[in-house]
1. Using 7 Å Cα-to-Cβ label points, what is the L121/T95 separation (nm, one decimal)?
2. What number, rounded to the nearest 500 deg cm²/dmol, is the helix-based mean residue ellipticity at 222 nm of the chain, given -39500 (n - 2.57) per DSSP H run of at least four residues and division by all its residues?
3. Take every Cα-Cα pair in the chain and report what % of them are more than 31 Å apart.
4. What is the Å³ per residue value for the convex hull set by the Cα atoms of the stretch 105-200?
5. Which FRET efficiency value, to the nearest 0.05, is calculated for N149 and S68 with the Förster distance at 41 angstrom and r the Cβ-Cβ distance?
6. State the extension gain, in nm to one decimal, for the chain segment bounded by V56 and T40, taking 0.36 nm per residue of separation less the distance between their alpha-carbons.
7. Please compute the modelled spin-label separation between N79 and V195, points set 7 Å along Cα→Cβ, answer in nm with one decimal.
8. Connecting C-alpha atoms closer than 10 Å in a GNM of the chain, tell me which of A64, A192, A54 has the biggest fluctuation.
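We did not get these values from a lab; they are worked out from the coordinates using the rules stated. These numbers come from a predicted model, not from an experiment. Note: ideal-geometry Cβ built from the backbone for every residue, glycine included; neighbour counts use all protein chains shown.
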Amino acid sequence: IGGVVVSGARVHTATGEVGTAGCVIDGLLLSCWHVLYGPTGRNGDNVSQPTPLAGVNTIGANLAGVISNRVDCAVAQLNGSRGERPEILDLPNATLIPTPAVVGTLVRKSGATGVGLGVILSTDLDPPVLIAGQLRHFVDQIEIVPRPNLAAKFKTGKTDSGALWISDDDDGVVGLHFAGSPGIALVNPIDAVVVALADAGVFIGL
């Protein structure tokens, strides 16, 4: 299910880093390029949950990854070794349907650091972000910050990369968490993610 820890075997071997599964739909797992691939990753590399352990935790293999000025996203094909459900951990009302990001909308995510609560501050941010050791300049990104007087419930960190942010208004998917800093989450618009993956030949059910 979405919201659990995942790792690309090659990335984890090189850096020890993990990320989050955004969601699972029809045998496909959505996360970030820098979580599943990284600079040396390739299609077919093993994906593990939570981390590689002598092959025991292998749940699938990389299918497609895209890193551009709009998105940092990737999809793995699951191998059927475990059951799967199209739901997100601790967010029972979330629906895997895209919804537009609107400034002021309350949002929430479930990732490696737990459930986090935020509010959309901007939908057209152009931030420079260090991704897998390279400074990249993104455009038209979503910026999410803590809700007023609820900073302690923001709960975001590096391992949340790959988590989906969900709108409180309609429980739909706003975007894919890929980076941030204390008090700020940077998020790819979900429509941009879907289009980028479709251009790479992978159609996810979002």
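1. About 3.0 nm separates the two model spin labels.
2. Value at 222 nm, helices only, nearest 500: -2500 deg cm²/dmol.
3. Result: 10 percent of Cα pairs exceed 31 Å.
4. Value for the stretch 105-200: 98 Å³ per residue.
5. Working: r = 36 Å, r/R0 = 0.89.
E between N149 and S68, to the nearest 0.05, is 0.65.
6. Answer, rounded to one decimal: 3.5 nm.
7. Result: 3.5 nm between the two label points.
8. For the chain, modelled as a Gaussian network with Cα springs under 10 Å, the answer is A54.
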